[in-house]
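To start, the structure itself, in structure tokens.
The values are calculated or read from the model by the stated rules, or taken from the named source; none is laboratory data. Predicted model, so just to flag it, every value in this text is computed and none were measured. A quick note on method: Cβ atoms are made from the backbone with ideal geometry, for glycine too, and the neighbour counts reach across all protein chains shown.
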Amino acid sequence: MPQRNYPQCVLEVLDDQMAYRSAALRAVQRFARARPWRGTLEERKAKFRALNYDLSGAYGIFEPALNFDRNDGGSSGSSHYIPSERRIVIVGKLSVLTFLHEFAHALELDERNACRWSINLFKRCFPKQYGRLVHVGHMLIRPGDLAARLRGRRAS
């Protein structure tokens with residue numbers, strides 16, 4: 001099994017000077033202005049599909065398929081990228097950061113660099129939302145989700 005190579009913590013990959021293609025920055029900024037957390041589930045999915053299309057164009061890659069599974073608001077931690085199918089699968093809540101991470105895999109980045117690419121892009125384009133998140137290992141988590149995780153661990 002290949003080594004996952006996740007960073008030990010978010011701080012390992014933070015880089016305010018990280019460079020992105022200008023078309024990619026414009027795409028994510030447009031997505032941010034569209035408020036991806038607002039609207040019906042179908043409206044929100046459409047916003048993610050538009051971002052997937054725009055980022056693919058920005059990086060000159062074939063657009064990966066984008067599927068949504070069990071979008072019940074639960075953890076997005078089971079989301080994944082299937083390289084052989086060029087497919088992103090978002091499981092649980094529609095998470096901007098999770099989508100960006102999985103899209104980074106479509107750019108053929110390993111785990112460490114996918115974390116670096118997605119976290120820094122999220123921080124740059126969603127600074128308020130970034131500031132509300134808690135660092136837990138290599139992940140950024142909403143405080144309420146962290147509390148629920150901790151309650152769940154104590155109950156087991």
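Listed residues R30, R4; which is under 21 Å from F126 (Cβ atoms) and surrounded by fewer than 17 Cβ atoms within 10 Å (Cβ to Cβ)? Before you say what the answer is, go through the steps one by one.
Numbers: R4 fails: under 21 Å from F126 (Cβ atoms).
Going through R30, R4 in turn, the sole match is R30.
I'd like to know if the stretch 55-63 contains one or more residues that are touching a helix residue (DSSP H, G or I) at 6+ places or on another chain (Cβ under 6 Å), over 25 Å from N5 (Cβ atoms) and at pLDDT below 95.
So far as the stretch 55-63 goes, no, none of its residues is touching a helix residue (DSSP H, G or I) at 6+ places or on another chain (Cβ under 6 Å), over 25 Å from N5 (Cβ atoms) and at pLDDT below 95.
Which residues, taken from the stretch 1-16, are closer than 23 Å to I141 by Cα and either outside any helix (DSSP H, G or I) or of a type in the set (G, A, S) (or both)?
Within the stretch 1-16, R4, N5, Y6, P7, Q8, C9, V13, L14, D15, D16 meet the criteria.
With the requirement that a residue be among the polar types (S, T, N, Q) and either in a helix (DSSP H, G or I) or under 23 Å from P83 (Cα atoms) (or both), what does the stretch 24-68 give you?
Q29, N52, S56, N67
Take the stretch 62-101 and flag every residue that is of a type in the set (D, E, K, R) and farther than 17 Å from I141 by Cβ. Can you show your working first?
So the first thing to find is which residues in the stretch 62-101 are of a type in the set (D, E, K, R), and the list is 63, 69-70, 72, 85-87, 93.
Within the stretch 62-101, E63, D69, R70, D72, E85, R86, R87 meet the criteria.
State the number of residues belonging to the stretch 116-156 that are at pLDDT 90 or above and out of contact with any helix residue (DSSP H, G or I) (no Cβ under 7 Å at 6 or more places or on another chain).
Residues meeting the conditions: 6.
Give just the number: which of (1) more than 23 Å from Y130 (Cβ to Cβ); (2) free of Cβ contacts under 8 Å to residues at least 40 places away in the same chain does G39 not satisfy?
(1)
If you scan the stretch 88-130, which residues turn out to be surrounded by fewer than 20 Cβ atoms within 10 Å (Cβ to Cβ) and within 17 Å of E12 (Cα to Cα)?
Selection gives L109, D110, E111, R112, N113, R124, Y130.
Look through the stretch 64-87, keep the residues that are at pLDDT below 95 and of a type in the set (D, E), and return whichever of them is surrounded by the most Cβ atoms within 10 Å (Cβ to Cβ).
Only one residue tops the list, namely D69.
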